[in-house]
Each structure stands twice: as C-alpha cells, then as structure tokens.
Amino acid sequence: MGLLRNSRRSGIVTAILLTLLAVGRAAAVQIPEDPRGPGKPYLVAVGVGTFSDPAIQPRPTAEADAKALHALLRDPKVLGIAPERAVLLTSPEATRERIVQAIERGLNATASGDLLIVAFFGRGAAIGDKPCFLTADTRFKDRAKTALTVVDLEPVFKKIKNQKLLVLMDVSYRGFEASGEKVVEPNVGDYLKLVFEDAEREDNSLPPERTVIFGNPPFREPLTQGDHGLFYNVLAAGLTGKADEKPYHQGYEPDGLVTIQELAAYLEKEIPNAARVVGKTAKEKELQPYLLGHQSSHYWVSFHAPVQAAVQRRLEALEALVRKGEVPSSAAAEGRPLLFRMPRLKWQQELRKAYQNLVDGKARWDEVELIRKSLKASLILPREEAESYAHKVTAWVQEISSRYIKPVSPGELTAAAIRGLYNRAEEPLPADLEEALKNAKELRREQRLELLTEARLRLGRREDLEGDKAVDLSLTMASASLNDRYTTYTDRESVLRMQSQLRGRFPGVGIQIRRDAVRDGLLVATPIKGSPAHKAGIQAGDLITEIRLEVDKTGKPLKPDEPRIFSTKGMKTEEAVNLILGAPGTPVTLVVQREGHDQPLEFRINRNFVLVETVHGVQRNGNADWTFYLDERYKIAYINLSQFISVDLDDDGEEEFGTFTDLKKAINELKKQGLNGLILDLRDNPGGYLSSAVKICEMFVGKETIVTVRPRVGRTREYRGRSEGDKSFPIVVLVNRNSASASEIVAACLQDHGRATIVGERTYGKGSVQDVVPFRPTGGELKYTIARYYPPSGRNIDKLATEQDPSIKEWGVSPDDGFEVKFNPDELNNWYEYVQDLHVIPPPGKTPPRVDPSKDRQLQTALNHLRELIRAVGKAPVDR
C-alpha cells in the first residue's frame, strides 16, 4: 500500500560502534556506547549534620555519609565521576540557596541520557503537612522561609528533559525542639510529585529513567551502623558490587555493572535484613526503604570492579582478534555490547556466551557464526502470529474509540500501542514506522492493521513478547497515553489477583496477609469469614513460613523441575498472593508458626471461591458475625461499607451476594430490635458498582432522583428509585478524602435530599463512570471512562473537571455546615493504626476488637449529633 518501503527486520541487533569513553574524566575503560548507561554522570551530595540553630540536634552521620558517597562515586572502580561534576555540600555551606544552585548547575551540565544523582542526608520536618529539608542555616521556628522546600525545587526540576535521575534520601524527621508547636509527619508524596509530576500514576506509566529511593519512610527513624547511617552502608555495598551478585544480578551471571533494578532489589531486601540485626526495638527492626520508578528505569549506575576487570580483558581480546583479521569488524560491533552488559533476552544471552567462548579461546569464529545464524533464524516470527497481535490490538482500539468519554482517533490509539510496545521492549522505533505514524489520525483500518503487523514482525520472536505479552504491553501503554488514571488494561494473570477488588469474589484460600519484617515472614492479619482458610483453622497472628504446591494454578501436575516448596523469608507479599491464589478445587499447603506451639503447623487447603465482606459493624460475636449497635441505649447503629460489590451467582440479573444485600439484611434485623439512628461509614471506600450504590440510595430516599449519568456516546440516563424508601430514622454519613466514586454518589444523593448529615472532610472528587468489561482476545480486562455522573442537585463532583475548566470551582462532596472534622496528620496516623485491626477475626479465646468513638473524633461527632436528633424527637432513653 506504499506506507512501508523498508520491510527489513531491523532492531533485532543494533550495531554499536566501540568508543573509548572516560566516564567524566576519571576512568578510561572500554565502554560501548550504551543508551542505558549513565552517560556523563553528575552528583550533588548534600549532608547536613550540624545546624546554626541550637533547636535542631546534630546528626553526625549525615555529613559522613555525604562525604563517603561523594568519594565513592568519584572512584574510577565504582563510577569515576569527574571531580568538577561531583558537588559536595555540608555544613556550613549547605544552605537553601546553594543547594538549589548546585542542582540547577547539575541539570544544566547534563545532556539527554546523562545521569544526575541527587542525595540528601540530614534532618527534615513539616511545614503544615508539606516536607522540608533542614539546611545548615535553617531557623526551625522560621523554617518556612529558611528550609529547603518542594516549592524551592519545583522550578529546577521542571527543567528535567531526557536526563536520567536518581534521588536518594536518608532524612530523619525527628530531632528538633518545637517549643510547643505541633509538628506533624510530612507527606512525602510531594517529593514524588516533584520527580514524577503525577504520583498517582501506576509505575509502568511513570516518566522513564527517574528513580526515588527513600532510606526510610517519615514515620520511621533512620538507623546508625558504626560511623555511618545504615542506609549508606547498605547502599555503598550495593553500588560496589553486592547488587551484581546472586540472587540480585540479572541474567545468568554477574556482568560487572550494577543496574538500577539490581540496586533496588538489593536495597529492598538488605536494608530490612540489616535493620533486624542493628535495630533494638520492634519498630527499628521493621525499617524498610521505599522506592519508586525503578521498574520503569533501565540504566546502570556503577561498576562491579572485579567482574568489570574480566569484562575489560574480554573486550581487549575481541579487539586483538579483529586486528588479526580473525573476526570481522562488523561482527565485533555486535559482540562488544553483548560482552559489556548482560542482555535481557535469552537468545542474546546465548549469543553472549558464544562471544565469551570466542574471546576465551574456546571457540573459533566459524563456530560462533553458526550459532549466530541459528539464533537469528529462531527469531523469525510467523506472520500469522503478528497478524493475530494486530487484530487483538485493533479490537481494543475499536472498543475505546467508540465509547471513551473523550473523542480519540483509532489511528492515534494504534500509534500509542506501537510506540508503547517498542518502549517496553527497549527497542528504538524504526524510522520508517515512525514516519508512517506521523499522520496517525488519517490511517484507515487496513493501514492500521498492516502497521501493527509489521511492527510486531520487526521485533521477532522473544520471550518477553511471547503469547499475549506483546498485546498486554501495547494496551497497557496505550491506555496510559490517554492520561486518564481510571482507564487501564489488566492482563489475564492480574485479573485473577484483582478479582476481589471489585467483584468481591475470587478463587483462593481467603486470608489477608502482610509482611512481618521482624520475623521475616508473612503474617496472617485475618482469615476471611467462611473462607477455606477460616474453615481449615488458620488464625490471625499465624506466621506463614512455607508455601507448598502439588499442582499449578489450574490443577495440572507440576513439571519435575518446577519448585514445590517456597520459603517466605524475603518473599514479597504479592509473590505470596500469586502462589496462594488458584483455581477452585486445587490444593495448597501453608506451613505456619503459631504462638504457644513449639512445632510448625501444616494446613492443606483446597482453594474455592471466597466471598469478601464489605459490610462491617461494631464488633464480632462468637460466630464472627457482626453486631451493629454503637449505642444500644439510644438504638444507634454503626455500619461501615468498605466497597460496593455485587455478585450474581446464577447470572439471573439479581444480586445474591453483595453490599446492598448485606446492608439491607443488617438494617432489617436492626429494625426488629429498634433503630433510632444510623451511622454509615464510607471513609476510605474507593467505590465499586454503580448498581450497588443506586440500590442503597433507593433504600433510603425512595422514588427520587439518585444520579444522572451523561456519556459521550448514547443517551443521558437518570436513575430514580422504584420503591418507597425507609425514612424512619436519621442518618449520618462519614466521609474523608479517600471516599470516592460510588461512595460519593451515595453521600451526595443523601445530602441533596436532606436524608443524611455528612460529617468528616471533602471527598476524593471522582465524578466519572468506568465500564469494566472482559477483553476476550487475551482473557484480560478493560476499564475505561465512559461518562460523568451528577447528583440530584446537578453539581460537579469530578475534581479533574476543575483542572480542565477553571470556571468550575466546586468538586467532591463537602460536609454539611458545622460538620467538617479534619484529622491532623498525627490523628490520621493514629486512626489508621486503630482501624487496621477492627475487621480481624481473632483466635478463639481472644476478645474481638470494638469500634471506639473515643479514638475517632469524626465518629464521636456523628454519634453526638444523632443523640441530639433523637432527644429532639423524644426518643431518648429514660434513666430509671
């Protein structure tokens, strides 16, 4: 059709010319040009350990750590940053102005592809709830004007173009005399927004090649190990090569380079390991780093010197073979990057081994040439597979372009899918494909299919794109291109893990787990009521030490070489969840340690569908069922809804299990005993099914307008109640900034009709409706925005609408006048700590936790208001 004149399978191996590059000026090793290298790196190391203000306590390790990192990264054996590109700021020079100037100079001195490292060691505090870094001249009482804030750094960070960025922070948010001032823990999310622009995006759609590493979260104090901070000691060990060793290195052996992903994996495991040794209290032993951006970053950050020396010898041997004429120069250009850095793909790793044998004298060039030809032949992708990929992506394009809330052209979606695929495959987009995509809007369906097919053919057969992985990557990235955090694609494997989040029904054993950092295992927070684990006898507080498998997730026998026993030491929670989930009827064995038992206990559990509880009360009884009276004398009930789910087990269109059904059952039982008032707690409820929210509104407002949904395509729909509502008792609805979507529909509807008093703080502001549909071509799932909703009053709920149209000022659901009750950050932390165990099913003999208004100022306000209303109508209890 004339679009593609060059159909060569380019991009499989890029010929890279060898250069002799000094990293900065300090090293003179052979480094093939590598777009994933640090380029000409630049360092700004800030360490503030002494302060001019006596109200701020010294932190000696801060300056020692900054100086040590500065020296370490200048070492040619580690990274070899040139002296003029490595800035060290300590007391008294580390002032706000000088720090900002140093970072700005670093950005001006770095070009596209260069790595800028910015490291902070010292103390911090909050201004309101905003974080600040205490500089050498900070006056604590006047820190809003003298400390380093995000506002100071924003103009500088906006200059970041295509540089690679690594931000390291080891900051203590304690150690100052506040003189009676209430200083809360800061929200470090502002630092993430500074680096990533939008901290709420999923990691796979973050700006690439930017990484933030916090040695400690703000509510955990950094630890000291000898003359340095624990964070620096572990970081230095990783940078000097430990992160390039087993089990952290990528590929089949250490390659002499520490990549950011290897360093992240090392820090995530070794900081907690070191904290368990160094820490003196349980809190100290629970220290864990927080990292973001490493999954979308691929650069290497330092050398692993002993291995790098061997790499250099092999590169020199390759050059000698070229000079002797024993190896063609064109082939040598292929071998250099393979010898220098471990490639990602298995065929490339096999080719690397062949080149290693060549330079080690274990193979001749003709033998390597045969291996090359065989490997490259294996890369040819059958055209039918590429066409299958093209049709699956096109099915997604058709779905989104026809129903998405904003007009989007099929051609632009196709272009985003192709560019996203090449981005995630870490391959440059061929020039002819780039040219063909310049006028993407004009592409016809046949042209889009041909482009998708050709794009997939160019990448060839590779394990990271096998099966539907290429489709998964394309749709993930194309969804992200819409800049709509609510429009996503979920692959088949993730659908299984995420089923409980919306449907409330998932196949597994039915436990909630979290990592126990002190004992290095997985703690059972609680079994889910009625689940296979609950019936088998798993208890809250059990420590899972082993997971044993007999069959795979689908019930098929494991292959002889597949592992069957998995220790949970060092295992991430998501890894454990992935092992435990599986098809109904398949077995899994959990080995646990239980308090009071000397020997481990084994539980062989047959997986089944687990139904998630979303309706919670005041306290569990002996059968683990909920009781709902918060004040039995006044007959005031408390019901917490954690999400809005709806489960139709026989597909007859009627909800048989779900939030509405369980709420209705609870209220019917309460009315039999007497119900004078209801507190409906929607705090931290992220939403769920629109149908569930509509039915709950109808329960309380009757035949009134509930919500109006306005799509781009199709008719506006007004939802109204069809039956009489129960208005026999007053309601208070509790909301907070994490009450979203369906929660806001319920709160706004009840508020607009005067049916409830809203207490708490303004809600999240998600005024859009998403459709969640199976994507049958891959077995995945699509969620995409199709409409905005409006409550009965017609006011705007959607916060994003105010960003798009400055004339719109209102968003979210605000508390009624006089009923705004905001937690300060300390209260919020205390509240989260208190509520995290309220839904637990305790072991036999232990008293279940109970909702306590004295620990919850918002709840206490709601309770007091209902008591006043009940007294006003003469229903107050009479003391006798």
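The values are calculated or read from the model by the stated rules, or taken from the named source; none is laboratory data. Fair warning: this is a prediction, and the values are worked out from it, not measured in the lab. Every residue, glycine as well, gets a Cβ built from its backbone with ideal geometry; the counts of neighbours run over all protein chains shown. SASA here: full protein model, heavy atoms, side chains in, ligands and nucleic acids out. Shrake-Rupley method; radii C 1.70, N 1.55, O 1.52, S 1.80 Å.
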Note, ³J(HN,Hα) from phi for region 733-745, Karplus 6.51, -1.76, 1.60, rounded to Hz, x at Gly and Pro: 10, 8, 9, 9, 5, 9, 7, 9, 6, 4, 4, 6, 4
For region 295-309, Karplus couplings with θ = phi - 60° (6.51, -1.76, 1.60), whole Hz, Gly/Pro x: 6, 9, 10, 9, 7, 9, 10, 6, 9, 9, 3, x, 6, 4, 4
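Please find the FRET efficiency linking Ile565 to Arg313, where r is the Cβ-Cβ separation and R0 is fixed at 45 Å, and quote it to the nearest 0.05.
Values: r = 41 Å, r/R0 = 0.90.
Plugging the Cβ-Cβ distance into 1/(1 + (r/R0)^6) gives 0.65.
State, to one decimal in nm², a quarter of the convex hull surface area for the C-alpha atoms of region 769-840, i.e. the direction-averaged projected area.
On the way: hull surface 37.9 nm².
Orientation-averaged projected area of the Cα hull: 9.5 nm².
Enumerate by residue number the GluC sites (Glu not before Pro) in region 368-471 meeting two conditions: DSSP loop (anything except H, G, I, E, B), and at most 11 other Cβ atoms within 10 Å of the site's Cβ.
Answer in residue order: Glu466.
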Sequence-distant residues sharing a close amide H with Phe628 (under 5 Å, placed H): Val618
Angle between the chain longest axis and helix 260-278 axis [Cα atoms, degrees, rounded to 10]: 60 degrees
0 to 90° range, to nearest 10: angle between helix 60-74 axis and the chain longest Cα axis: 40 degrees
Beta bridges by DSSP in the chain, antiparallel share as percent, to the nearest 5: 65 percent
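Is there a pair in Lys77/Lys158; Lys193/Lys799; Lys182/Lys635 whose C-alpha atoms are over 27 Å apart, and which pairs would that be? Show your work: numbers first, answer last.
Working: Lys77/Lys158 33 Å; Lys193/Lys799 17 Å; Lys182/Lys635 38 Å.
Result: Lys77/Lys158; Lys182/Lys635 exceed 27 Å.
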Additional length obtainable on full extension of the chain from Asp552 to Ser691, 0.36 nm per residue less Cα span: 46.5 nm
Region 568-650, Cα convex hull volume normalised per residue, Å³: 191 Å³
Relative counts (whole %) of C-alpha pair distances in region 798-874, using bins that are 10 Å wide: 14, 27, 29, 22, 6, 1
Relative packing of peptides 82-88, 526-532, 60-66 - highest average C-beta neighbours within 10 Å first: 60-66, 526-532, 82-88
Using alpha-carbon coordinates, inclination of helix 825-835 to the longest axis of the chain, degrees: 70 degrees
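So what is the accessible area of the chain per residue, in Å², with the probe set to 1.4 Å? Intermediate values should be presented prior to the final figure.
Values: 39160 Å² over 880 residues.
That works out to 44 Å² per residue.
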Length added when fully stretched, Thr716-Arg519, from 0.36 nm per residue minus Cα-Cα: 65.4 nm
Helical contribution to [θ] at 222 nm, DSSP H n ≥ 4, -39,500 (n - 2.57), averaged over the chain, rounded to 500: -10500 deg cm²/dmol
Shape parameters for region 687-778, alpha-carbon atoms, Rg then Dmax in Å: 14.5, 50
Estimated inter-spin distance, Val495 and Glu334, nm [label 7 Å along Cα→Cβ]: 4.0 nm
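Provide the FRET efficiency to the nearest 0.05 for the Thr847-Val100 pair, computing r from the beta carbons and using R0 = 60 Å. The partial results should precede the final answer.
Numbers: r = 55 Å, r/R0 = 0.91.
Calculated transfer efficiency: 0.65.
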In Hz, Karplus ³J(HN,Hα) per residue of region 437-443 (6.51, -1.76, 1.60; θ = phi - 60°; x = Gly, Pro): 8, 5, 10, 4, 4, 8, 5
Length added when fully stretched, Gln599-Lys141, from 0.36 nm per residue minus Cα-Cα: 159.3 nm
Sparse-neighbour loop sites [trypsin sites (Lys or Arg not before Pro); region 295-370; at most 14 other C-beta within 10 Å; DSSP]: Lys324, Lys362, Arg364
Where labels lie 7 Å past Cα in the beta-carbon direction, separation of Tyr832 and Asn162 in nm: 3.8 nm
Percent of Cα pairs exceeding the 46 Å cut-off, where the set is the chain: 34 percent
Column: log10 I(q)/I(0), Debye, Cα scatterers of region 21-160, q = 0.16, 0.17, 0.22 Å⁻¹: -0.83, -0.90, -1.27
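Could you please tell me the mean projected area of the C-alpha convex hull for region 389-542, averaged over all directions and given in square nanometres to one decimal? List each step's numbers first, then the result.
On the way: hull surface 49.6 nm².
Directional mean of the projected Cα hull area for region 389-542 stands at 12.4 nm².
Work out the FRET efficiency for Arg383 and Lys822 from their Cβ-Cβ distance, taking R0 = 51 Å, and round it to the nearest 0.05. Don't skip to the end; give the middle numbers.
Values: r = 61 Å, r/R0 = 1.20.
Efficiency for this residue pair is about 0.25.
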Compactness of region 318-421 - radius of gyration and Dmax, Cα, Å: 21.1, 65
